[in-house]
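The values are calculated or read from the model by the stated rules, or taken from the named source; none is laboratory data. None of these values were measured; they are calculated from a predicted model. Cβ coordinates were reconstructed from backbone atoms using ideal geometry, including for glycine residues, and neighbour counts include every protein chain displayed. Protein only, heavy atoms only, side chains kept; ligands, DNA and RNA dropped before computing areas. Shrake-Rupley method; radii C 1.70, N 1.55, O 1.52, S 1.80 Å.
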Amino acid sequence: MKRVLVTGGAGFLGSHLCDRLLNDGNEVICLDNFFTGSKQNIIHLLGNPYFELARHDVTMPYFAEVDEIYNLACPASPIHYQLNPIKTVKTSVMGAINMLGLAKRVKATVLQASTSEVYGDPEVHPQPEGYWGNVNPIGPRSCYDEGKRCAETLFVNYHQQNGVNIKILRIFNTYGPRMSQNDGRVVSNFIIQALKNQDITIFGDGSQTRSFMYVTDLIEGMISMMATPNNITGPINIGNPVEFTMKELAEKVVNLTGSKSKLVYHDLPKDDPTQRKPDIALAQVHLNGWQPTVNLNEGLQKTIAYFQNQIKG
Ligand code: NAD
Ligand code: UDP
């Protein structure tokens with residue numbers, strides 16, 4: 001039995017990861033400050049003797065004897081990470097330093113939940129790991145993008161300078177049950193608007209693209225990444241390379257929900273990336289034959305069913 005620390009464990013992705021790690025027979029410490037996460041996401045785990053909840057902020061040092069650390073603590077939705085941009089940078093950078101320091105002390109392997117945002121508004125398409133990106137260092141998204149880029153730098157430096165075992169995964173847009181209703185990201189926004197027959201808010205003309213991965217595919221990839229040999233440090237992209245425009249996504253959600261909602265167009269937020277699609281060749285080589293298995297229709301249906309229940313209360 002391994003003891004595993006999941007920072008951001010009460011969030012959307014972290015809570016699914018806690019479920020999976022416990023199912024695999026591990027002991028899990030879930031660390032969270034509940035900024036965007038919720039007890040509701042982990043309430044079913046609170047009675048499990050192998051699950052421990054620590055209310056803690058990752059910007060402060062944390063001590064525990066653990067074998068593995070998954071560092072997910074960081075708000076991921078633009079509206080939330082832009083609320084307090086200084087705190088977002090601190091969470092990424094000081095959180096990385098604290099988790100890397102812990103990993104160094106207890107000789108744990110530490111996995112960083114990095115992001116496709118390190119590519120910014122990419123001029124290379126699809127994005128391979130060797131592409132350095134096109135990021136505005138002083139724009140509204142920079143607290144997140146540059147925070148995550150600096151975290152990658154710290155991970156690589158702790159590996160090279162101190163021999164810490166690191167794994168960097170660059171996660172592309174992921175969706176599924178347990179996104180919060182006020183998360184603000186596109187999939188949850190569109191589904192909730194459609195279920196309530198409200199206008200579907202498309203930002204810009206809806207021609208910008210994203211590639212959406214269902215949460216179970218990501219969790220499988222995270223577990224496989226942690227299990228790779230020590231010489232595989234990443235960064236490795238993880239995502240579903242099937243690309244959709246936001247207009248296509250809106251139409252799909254309206255069809256699948258049978259909604260009466262209309263599509264309405266709002267201003268495009270500044271620095272909103274125009275296109276995004278992962279090159280997943282490295283993941284397919286290194287992650288135990290990993291590939292996405294849930295297509296967008298199937299994943300949306302499961303997510304719609306989840307939000308239907310949530311809205312009913
Ligand atoms: P989320 O907002 O649901 O989860 C983030 C969790 O971190 C929340 O539980 C929040 O309360 C916690 N947190 C935030 N700041 C903290 C702090 N200072 N100390 C302790 N806990 C803190 O978002 P998510 O989608 O589950 O994302 C999880 C991680 O994966 C993030 O690091 C995010 O950057 C990364 N990621 C997610 C996606 C995606 O599409 N979902 C894509 C790329 C990267
Ligand atoms: N978006 C949209 N309507 C919304 C929310 C988001 O059209 O209600 C767009 C947003 O402008 C972006 C895309 O959907 O082009 C994905 O946005 P999200 O916030 O989910 O993630 P990110 O921009 O970080 O990929």
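Computed quantities for the displayed model
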{"read-out": "Options VAL186, VAL164, VAL156: the member that is within 14 Å of ligand 1 (Cβ to nearest atom) and touching a strand residue (DSSP E or B) at 6+ places or on another chain (Cβ under 8 Å)", "value": "VAL186"}
{"read-out": "Any hit, the stretch 255-268, residues being under 19 Å from PHE172 (Cβ atoms) and not charged (D, E, K, R)", "value": "no"}
{"read-out": "Selection from the stretch 234-256 of residues that are surrounded by 21 or more Cβ atoms within 10 Å (Cβ to Cβ) and under 25 Å from ASN26 (Cβ atoms)", "value": "GLY234, ILE236, ILE238"}
{"read-out": "Residue that is assigned to a helix (DSSP H, G or I), among the basic types (Lys, Arg) and within 16 Å of ligand 2 (Cβ to nearest atom), where the choices are LYS87, LYS148", "value": "LYS148"}
{"read-out": "Members of the stretch 214-250 that are away from ligand 2 (no atom under 16 Å from the Cβ), in a loop (DSSP other than H, G, I, E, B) and more than 15 Å from the chain's Cα centre (by Cα)", "value": "ALA227, THR228, PRO229, ASN230, ASN231, ILE232, THR233, GLY234"}
{"read-out": "Identity of the residue in the stretch 257-313, surrounded by 14 or more Cβ atoms within 10 Å (Cβ to Cβ) and of a type in the set (Asp, Glu), that ends up farthest from SER180 (Cα to Cα)", "value": "ASP279"}
{"read-out": "Subset of the stretch 44-64 that is surrounded by 12 or more Cβ atoms within 10 Å (Cβ to Cβ) and over 23 Å from the mean Cα position of the chain (by Cα) - its residue that is nearest to LYS87 (Cα to Cα)", "value": "ALA64"}
{"read-out": "Filter result for the condition that a residue is outside any helix (DSSP H, G or I), open to solvent by less than 50 Å² (accessible area, probe 1.4 Å), within 16 Å of ligand 2 (Cβ to nearest atom) and closer than 22 Å to THR216 by Cα, over CYS74, CYS30", "value": "CYS74"}
{"read-out": "Odd one out for LEU111, checked against (1) outside any helix (DSSP H, G or I); (2) more than 16 Å from ligand 2 (Cβ to nearest atom); (3) open to solvent by 40 Å² or more (accessible area, probe 1.4 Å)", "value": "(3)"}
{"read-out": "Residue within the stretch 246-262 that is closer than 21 Å to CYS18 by Cα and at pLDDT 95 or above present", "value": "no"}
{"read-out": "Odd one out for LEU22 among (1) within 13 Å of ligand 1 (Cβ to nearest atom); (2) part of a helix (DSSP H, G or I); (3) hydrophobic (A, V, I, L, M, F, W, C)", "value": "(1)"}
{"read-out": "Enumeration of residues in the stretch 46-71 that are more than 8 Å from ligand 1 (Cβ to nearest atom) and within 19 Å of ILE223 (Cα to Cα)", "value": "TYR50, PHE51, VAL66, ASP67, GLU68, ILE69, TYR70"}
{"read-out": "The stretch 74-125: number of residues that are in contact with a Ser or Thr (Cβ under 8 Å, 6 or more places away or on another chain) and over 24 Å from ALA10 (Cα atoms)", "value": "1"}
{"read-out": "Filter result (within 16 Å of ligand 1 (Cβ to nearest atom) and in contact with a helix residue (DSSP H, G or I) (Cβ under 6 Å, 6 or more places away or on another chain)) within the stretch 238-262", "value": "ILE238"}
{"read-out": "Conditions (1) under 30 Å from GLY139 (Cβ atoms); (2) away from ligand 2 (no atom under 11 Å from the Cβ); (3) outside any strand (DSSP E or B); number of the one not met by ASP272", "value": "(2)"}
